[in-house]
Amino acid sequence: MPLYHKLGKIPSKRHTIFKKQDGSLHYEQLFGTIGFDGMSSLMYHLHRPTMVKEVGKSFEVSPKAMVSHNIKSRLLKGFEVKPMNDYLESRSVMLFNSDVHISLAAPKKSLTDYFYKNADADELLFVHKGTGVLKTMLGEIRFEYGDYLVIPRGMIYQITFDTEENRLLIAESYHPIYTPKRYRNWFGQHLEHSPFCERDFKLPQNLQTYDELGDFVIKVKKQGQLHHLVYASHPFDVVGWDGYNYPYGFSIHNFEPITGRVHQPPPVHQTFETSAFVVCSFVPRLYDYHPQSIPAPYNHSNIDSDEVLYYVDGDFMSRKNIDKGYISLHPAGIPHGPHPGTYEASIGKSKTEELAVMIDTFRPLQLTKAALDVDDGKYFQSWLE
Ligand SMILES: [Fe+2]
């Protein structure tokens, strides 16, 4: 996150004496990425963040490929993924490669009786249904329908939901997630042509500090396993922090679409980037205004990336028989485009209400059994007249 933020109490100078009320020292921790080269935050704990009491069982959670060489366009009915009580168990990987795991989740219960840390991947949560609070070591972020939540790797968190009706799209990224470089100047500030800016971000607030000793279970995801560790102090014992590496939110409803006289290519919808995939937001917008324009996209050969589109709301202009929560997958290697009739039908239309999240991966995606269970099986032939 290219934006400095701080919460709570911190010493005026880093790496200097910072005493608690009883005269003992706080425990400083550097929380950074890319060695000491990436973004980092400095946090101040009441207790040592290193007090492992027990290392319990580990569970295999890496996804298994049912289709590892996919050439078919697919349509997955995402809302058919079954709701489950536990947050982590509810997360069902549908599509994956070594760069990103794309999951759907319908958690019914809040995650409150343990803590969770993904040690390998940044997590990008898109909230399709539900409201609640993301609780982290560095503060809280209240979320609602349409929010992206970016949680950097290593961040310990819990998540609470206001009701049992929740639907999430989750991308676990094995490369850091940033806002696109081309939206930012060389100081990191978002430029005037960026479809969003610093003011739109939801930064952590309401830092709660727990001075508790006991048994605290942290489930740590690392190398495809979920390790159960017991710590001797509450992980949310931070009294203050500052820096650039922290979780944040951004509402898709604050993405300001870029439009033109003729059809604009997908990069104008880009919201996040990594070195291995991009995330785009398709939002309600006015259509192209050249008198001869065709608003629906042209057929295109996505020879360099698998295209995943997650349908959130509205009528999707270029597709037929699409419902909320559906995922389409257009694999690299074969062209795709608007469905028969939609190209023509788009002419003369002035606006669209479509809302969708696109994830384009630069390496091919594999499909899990969970994906095949909700695959409509015939989408690849849906362009035949
Ligand atoms: Fe496409």
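So how strong a dipole does region 334-385 carry about its Cα centre when Lys and Arg Cβ are +1 and Asp and Glu Cβ are -1, to the nearest 20 debye?
Working: 5 positive and 8 negative charges, 27 e Å.
In total the dipole reaches around 120 debye.
Heavy-atom accessible area per residue, region 319-366, 1.4 Å probe: how many Å²? Before the final figure, lay out each step's value.
Working: 2140 Å² over 48 residues.
Result: 45 Å² per residue.
Using the Cα atoms as the points, what is the convex hull volume per residue of region 180-227 in Å³?
On the way: hull volume 8.6 nm³, N = 48.
Convex hull volume per residue, Cα atoms: 179 Å³.
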- Task: Keeping the other protein chains in place, figure out the carbon and sulfur percent of the accessible area of the chain, with a 1.4 Å probe.
- Result: 52 percent
- Post the alpha-carbon centroid distance, region 193-235 to region 241-268, in whole angstrom. 24 Å
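Counting each pair of different Cα atoms once, what's the Kirkwood radius of the chain in Å, rounded to one decimal? Let's see the in-between values first.
Working: mean 1/r = 0.0452 Å⁻¹.
That comes to 22.1 Å for the chain.
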- Query: If you add up the charges near Q208, with Lys and Arg at +1 and Asp and Glu at -1, over every other residue whose beta carbon is less than 13 angstrom from its beta carbon, what do you get?
  - Reply: -3
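Once every DSSP H run of n ≥ 4 in the chain is given -39500 (n - 2.57) and the sum is divided by its residues, what mean residue ellipticity at 222 nm do you get, rounded to the nearest 500 deg cm²/dmol? The partial results should precede the final answer.
Working: 3 runs with 13 residues, N = 385.
After summing the helix terms and dividing by residue count, I get -500 deg cm²/dmol.
What is the Cα radius of gyration of region 110-258 over 2.2 N^0.38 Å, N being its residue count?
Numbers: Rg = 16.1 Å, N = 149, 2.2 N^0.38 = 14.7 Å.
Rounded to two decimals, the normalised Rg is 1.10.
Cα convex hull of region 115-191: mean projected area in nm², to one decimal? All intermediate terms of the calculation are to be shown ahead of the outcome.
Values: hull surface 23.7 nm².
Projected over every direction and averaged, the Cα hull of region 115-191 covers 5.9 nm².
For H339, what is the net charge nearby, where nearby means another residue's Cβ is under 9 Å from its Cβ and Lys, Arg count +1, Asp, Glu -1? Show your work: numbers first, answer last.
On the way: positive: R319, K320; negative: none.
Here the count lands on +2.
Quick check: convex hull over the Cα atoms of region 223-367, volume per residue in Å³, rounded to an integer?
Values: hull volume 25.1 nm³, N = 145.
So the per-residue Cα hull volume is 173 Å³.
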- Message: With a 1.4 Å probe and all protein chains left in place, how much accessible area per residue does region 64-214 have, in Å²?
- Response: 42 Å²
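Across every pair of different alpha-carbon atoms, what Kirkwood hydrodynamic radius in Å does region 16-151 reach?
Details: mean 1/r = 0.0539 Å⁻¹.
One over the average 1/r among Cα pairs gives 18.5 Å for region 16-151.
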- Message: Starting from the Kirkwood Rh over alpha-carbon pairs, what translational D in µm² s⁻¹ does region 143-186 have by Stokes-Einstein at 20 °C and 1.002 mPa s?
- Response: 160 µm²/s
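For a quick protection proxy, order the peptides 102-109, 298-305 by their average other-Cβ count within 10 Å, most packed first.
Highest mean packing first, the order is 102-109, 298-305.
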- Tell me the label-point distance for the pair T160, V230, using the 7 Å Cα-to-Cβ offset, in nm and rounded to one decimal. 2.6 nm
- Only Cα pairs under 8 Å and at least 6 apart count here; give the relative contact order of region 289-385 as a rounded whole percent. 37 percent
- Query: If we count every other residue with Cβ under 11 angstrom of I359's Cβ, Lys/Arg +1 and Asp/Glu -1, where does the sum land?
  - Reply: -4
- Message: Among F59, P284, F18, whose Cα projects farthest towards the positive end of the dipole of the chain, with charges put on the beta-carbon of Lys, Arg (+1) and Asp, Glu (-1)?
- Response: F18
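Using the Cα centre as the reference, give the magnitude of the dipole from point charges on the C-beta atoms of the chain (Lys, Arg: +1; Asp, Glu: -1; all else neutral), rounded to the nearest 20 debye. The partial results should precede the final answer.
Numbers: 41 positive and 45 negative charges, 101 e Å.
The calculated dipole for the chain is roughly 480 debye.
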- Eligible lysines near K351 by straight Cα distance, threshold 20 Å, same-chain separation 8 or greater: K320, K324
- Given R₀ = 35 Å, FRET efficiency for R261-D86 by Cβ-Cβ distance, to 0.05? 0.10
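The values are calculated or read from the model by the stated rules, or taken from the named source; none is laboratory data. This one's a predicted model, so the numbers in the text were calculated from it and none came from an experiment. Note that we place each Cβ from the backbone using ideal geometry, even for glycine, and neighbour counts take in every protein chain shown. With ligands, DNA and RNA removed, areas are computed over all heavy atoms of the protein, side chains included. Shrake-Rupley method; radii C 1.70, N 1.55, O 1.52, S 1.80 Å.
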